[in-house]
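Data first, discussion second: the structure below is written as structure tokens.
The values are calculated or read from the model by the stated rules, or taken from the named source; none is laboratory data. The structure presented is a predicted model; accordingly, all values stated were derived computationally and were not measured. Every residue, glycine as well, gets a Cβ built from its backbone with ideal geometry; the counts of neighbours run over all protein chains shown.
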Amino acid sequence: MKSTGSFDVALHRNLIGGSWVGSTFLPNINPSDLSQVVGEFATATADDAQAAIAAARAAFPGWSRSGILERSRILRDTAQEILRRKDEIGALLSREEGKTLSEGIAETIRAAQIFEFFSGEALRLAGEVLASVRPGVEVQVTREPLGVIGIITPWNFPIAIPAWKIAPALCYGNTVVVKPAEVAPGCTWTIVDILHRNGLPPGVLNLVMGKGSMVGQALLDSPDVDGVTFTGSVGTGRRVAEAGARHMRRSQIEMGGKNPLVVLDDADLGVAVEVALNGSFYSTGQRCTASSRLIVTDGIHDRFVAALADRMATLRVGHALEPETQIGPVVDAGQLEQDLDYIAIGKAEGARLVGGGDLIERPTRGHFLAPALFADCAPRMRIMREEIFGPVAGVIRVRDYDEALAVANGTEFGLSAGICTTSLKHAAHFRRNTEAGMVMVNLPTAGVDFHVPFGGRKASSFGPREQGRYAAEFFTTVKTSYQAAG
Ligand code: UN1
């Protein structure tokens, strides 16, 4: 332990083959208070990553044949410990990532629920027995673990995303090397520590924190990794897919979004405003499922923009741990710069800034940005085409539902799409015709259940869906076995 000012800054090491290792560390800075170091986290080298992959490979035969009761028990105990410590872990999440404390605790509970779900799934993995087309032959279809899984996670859901990749990987008998985002590694470190203490055998789960260009790249370059599951940017996702093709390896890739929320004339205005406010700005807009394109028909447009702007003006932006805060800080200086750049680009493109977009002073020095709303946006503008990943949304005015649907689908992304309407006909048509992996009616585009498939289309996702029972599509491989009856 070393001390900076009044904070004890614990050293958090990497876990390789069951041992905590590492001698160089980077500080994890609190975006609500840049003078506060949340902890010191080890930075792994490419050699550490190789050692972690070798440890995972060595542990695979044992873990893949381990009893399902043992796997289920470890996942359940982990769920229970996360839940027991939800206030402490939720506060850690808020301190390292900047979500409000209630968002941090809610995400921690979600991680516990994910471990609990997969604790049950470990006991439920089933196959099929079929009659063969050849008399006297029996056919079985079974699922086996894929092997060594490389997991690369982003900072914006620092506990839920690692949970929804690690839990199914272990549940189905795989071994793991996980690399969390450099900006917010603390929650992944905590999950790994809990799993380790709850009896996971050495080498089954290895943690390598550090730079994507070094540690992530080592995972991509290794011929000994059987599958990589990644959530992050489109650019990096493409590199993950290319490396996967080179190694003939399975890839599961979740990338960006430019998610549309359609608001029709017949929408309940109060519902539409709350849905847009939540979808666009909660979690500081740092969700790949955030609604960044608000596509609004003529008859409700002006009332909607005015009501949303009024509601935004009441949002309290501030330190993530203060109880009255509704919007926490932007995660780091680089992301803040990107958000401000896009706000400048929006103005230069001729969009009208209705409100927000300024830096905000608070008693602590942090990355506080007032959520920004643009109106008079055109679909071709960069702010309507490129993912900003911050609290910035734009309104596109359309004539009618048909134009709204065309604009909603006119994007290279296809993660989540939403509509606010009281018309059953339009709701049903939109659910069928939206080109997205997830669709929400009178609900925010962000904020999903943990037990059903998650993923998108087009440039948003590549490979099998995450979460729920569909997770087995990525984390297991199918075997068809034939046997002549004696
Ligand atoms: C959610 O909206 O509840 O990175 C989850 C992201 C997504 C997860 C969103 N992969 O924002």
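Being buried (at least 19 other Cβ atoms within 10 Å of the Cβ) and more than 16 Å from the chain's Cα centre (by Cα) is the filter; apply it to segment 252-272 and report the residue that is nearest to residue 384 (Cα to Cα).
260
Just one of 372, 408, 417 is surrounded by 24 or more Cβ atoms within 10 Å (Cβ to Cβ), within 16 Å of the ligand (Cβ to nearest atom) and among the small types (Gly, Ala, Ser); which is it?
None of the others qualify; the one that does is 417.
Sort out for me the strands (runs of 3 or more DSSP E) sitting completely within segment 287-405 that have 3 or more residues that are hydroxyl-bearing (Ser, Thr, Tyr).
Filter on segment 287-405 gives 291-297.
If you check residue 173 against the conditions, is it more than 12 Å from the ligand (Cβ to nearest atom), in contact with a Pro (Cβ under 6 Å, 6 or more places away or on another chain) and on the phi > 0 side of the Ramachandran plot?
Criteria met by residue 173.
Within segment 461-480, can you find the residues that are more than 9 Å from the ligand (Cβ to nearest atom), of a type in the set (D, E, K, R) and within 15 Å of the chain's Cα centre (by Cα)?
Selection gives 465 alone.
How many residues, within segment 435-460, are more than 13 Å from the ligand (Cβ to nearest atom) and free of Cβ contacts under 8 Å to residues at least 60 places away in the same chain?
Residues in segment 435-460 being more than 13 Å from the ligand (Cβ to nearest atom) and free of Cβ contacts under 8 Å to residues at least 60 places away in the same chain: 5 in total.
Look through 210, 199 and report the one residue that is over 30 Å from residue 431 (Cα atoms), crowded, with 24+ Cβ neighbours inside 10 Å, modelled with pLDDT of 95 or more and among the small types (Gly, Ala, Ser).
So the residue among 210, 199 that is over 30 Å from residue 431 (Cα atoms), crowded, with 24+ Cβ neighbours inside 10 Å, modelled with pLDDT of 95 or more and among the small types (Gly, Ala, Ser) is 210.
What are the pairs with Cβ atoms under 7 angstrom where one residue, in segment 396-421, is acidic (Asp, Glu) and the other, located anywhere, is within 16 Å of the ligand (Cβ to nearest atom)? Sequence gap at least six, or different chains.
Pairs that qualify, where the first residue is acidic (Asp, Glu) and the partner is within 16 Å of the ligand (Cβ to nearest atom), are 412/458; 412/459.
Which ones in segment 228-239 are surrounded by fewer than 23 Cβ atoms within 10 Å (Cβ to Cβ) and either closer than 15 Å to residue 176 by Cα or of a type in the set (Val, Ile, Thr) (or both)?
234, 236
From 151, 114, which residue is assigned to a strand (DSSP E or B), within 16 Å of the ligand (Cβ to nearest atom), buried (at least 24 other Cβ atoms within 10 Å of the Cβ) and on the phi < 0 side of the Ramachandran plot?
Of the residues listed, the single one that is assigned to a strand (DSSP E or B), within 16 Å of the ligand (Cβ to nearest atom), buried (at least 24 other Cβ atoms within 10 Å of the Cβ) and on the phi < 0 side of the Ramachandran plot is 151.
I'm checking my understanding of the structure. Among residues of segment 117-129 that are surrounded by 12 or more Cβ atoms within 10 Å (Cβ to Cβ) and touching a strand residue (DSSP E or B) at 6+ places or on another chain (Cβ under 8 Å), which one is modelled with the lowest pLDDT?
Selected residue: 125.
In segment 215-235, how many are under 16 Å from the mean Cα position of the chain (by Cα) and within 23 Å of residue 168 (Cα to Cα)?
Qualifying residue count, segment 215-235: 6.
What pairs can you find where one residue is in segment 231-243 and without any contact (Cβ under 8 Å) to a residue 24 or more places away in the chain, the other is more than 14 Å from the ligand (Cβ to nearest atom) and of a type in the set (Lys, Arg), and their Cβ atoms are less than 9 Å apart, with a gap of 6+ or different chains?
Pairs found: 243/249.
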